[in-house]
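Please read the structure below before turning to the comments.
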Amino acid sequence: MQLGLSNSKAIVTGGSRGIGHAITNTLIQEGVSVATCARGKSALDEALAQWQEQGATVTGQSVDVSDPDAYRTWFESAVEQLGGLDVFVSNVTSMNEYQGEARWKQAFEADLLQHVRATELALPHLKKSTSGSIVYIASIASIMSANMPTETEYGAMKAALISYASQLAHTLGKDNIRVNIVSPGPIYHQNGFWQGIEKHKPDLFKRAQAVSVFNRLGTSQEVANAAVFLASPAASNITGANLRVDGGAIKSVNF
Ligand SMILES: NC(=O)c1ccc[n+]([C@@H]2O[C@H](COP(=O)([O-])OP(=O)(O)OC[C@H]3O[C@@H](n4cnc5c(N)ncnc54)[C@H](OP(=O)(O)O)[C@@H]3O)[C@@H](O)[C@H]2O)c1
């Protein structure tokens, strides 16, 4: 199957590690020019250097997506450098270190509002593309109410993100822009959340493995495969989909 992404232009947030890194890397392998960001400069620079050594057209900058002005400035310069935008993958979430109401406000910023702000920035450019598409990385925490160590505000914001994306899919059809969601189950990667849990809370780690019918956590590449497919012209008749990459964790019938 040809994904048809060659020579496309993409922005992926959070490309320095984990799922965002795997998505960026997979897009690069498909011949896409990519701009990415993360807060930590050293991990980002290391990833960029590796891709650039392979001859990839990739740029990146240290930016905090919860800072609206800094995010807007970077986003607009990234589109300019790319020379347009065909694909936007809004991937970032941030660890929430607050408590009480402040925790909810932080979750709202990190898991909903920054996606909305970036979408507003992306749309004028995606409208000029012949194959504009957006992919949001949500989570099965949006629909799980038991068995997982989900934080209530995280799941609630991911549910809101899915609702927002589904509505966008309808309104943007007239502009030929597709909008899809990937909802991962627990995903294991280097320096990721679950690596810490494996070390410090082994019982919880076993519970996370057990939600999958394969009794294991997923990989970032498995999520990237789904995201890049949905982003690509190969998925030209798919919009408003929420593709779970969760090892069959959700036990309801998927009509
Ligand atoms: N891992 C899982 O088990 C899992 C399961 C379901 C859904 N998801 C979803 O998948 C997505 C990616 O998860 P992940 O596990 O790959 O996350 P991660 O390991 O925490 O990586 C997140 C990436 O985003 C960057 N980032 C974080 N906060 C940022 C900010 N405020 N501004 C700019 N960049 C920021 C990080 O770099 P810096 O820290 O240096 O900024 C990093 O590159 C998230 O939306 C998450 O909710 C993950």
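About its Cα centre, how strong a charge dipole does the chain have in debye, to the nearest 20, once Lys and Arg get +1 and Asp and Glu get -1 at the Cβ?
580
Could you tell me the calculated FRET efficiency between residue 98 and residue 73, based on Cβ-Cβ distance and R0 = 22 angstrom, to the nearest 0.05?
Rounded to the nearest 0.05, the efficiency is 0.30.
Using the Karplus curve 6.51 cos²θ - 1.76 cosθ + 1.60 with θ = phi - 60°, work out ³J(HN,Hα) for each residue of the stretch 19-32 in order, rounded to whole Hz, and write x for Gly and Pro.
5, x, 5, 5, 5, 4, 4, 5, 4, 4, 4, 8, x, 8
Please provide three numbers in whole Å: the alpha-carbon extents of the chain along the principal axes, with the largest listed first.
Extents along the principal axes: 48, 43, 39 Å.
Neighbour counts of other C-beta atoms within 10 Å: give me 170, 115 arranged from fewest to most.
Fewest-to-most ranking of 170, 115: 170, 115.
Just rank 255, 214, 205, 88, fewest to most, by other beta-carbon atoms within 10 angstrom.
Least to most surrounded, the residues fall as 255, 214, 205, 88.
Roughly how many debye, to the nearest 20, is the charge dipole of the stretch 47-91 about its Cα centre, given +1 on each Lys and Arg Cβ, -1 on each Asp and Glu Cβ, and no other charges?
100
Specify which residue in the list 49, 88, 181 is farthest towards the positive end of the charge dipole of the chain, using unit charges on the beta carbon of Lys, Arg (+1) and Asp, Glu (-1), about the Cα centre.
The residue sitting farthest along the positive end of the dipole is 181.
Every read-out reported here was derived from the displayed coordinates using simple, explicitly stated rules and does not represent laboratory data. Treat the numbers as computed from the prediction; the structure is a model and nothing was measured. Don't worry about glycine lacking a Cβ; one is built from the backbone with ideal geometry, like all the others, and counts go over all protein chains shown.
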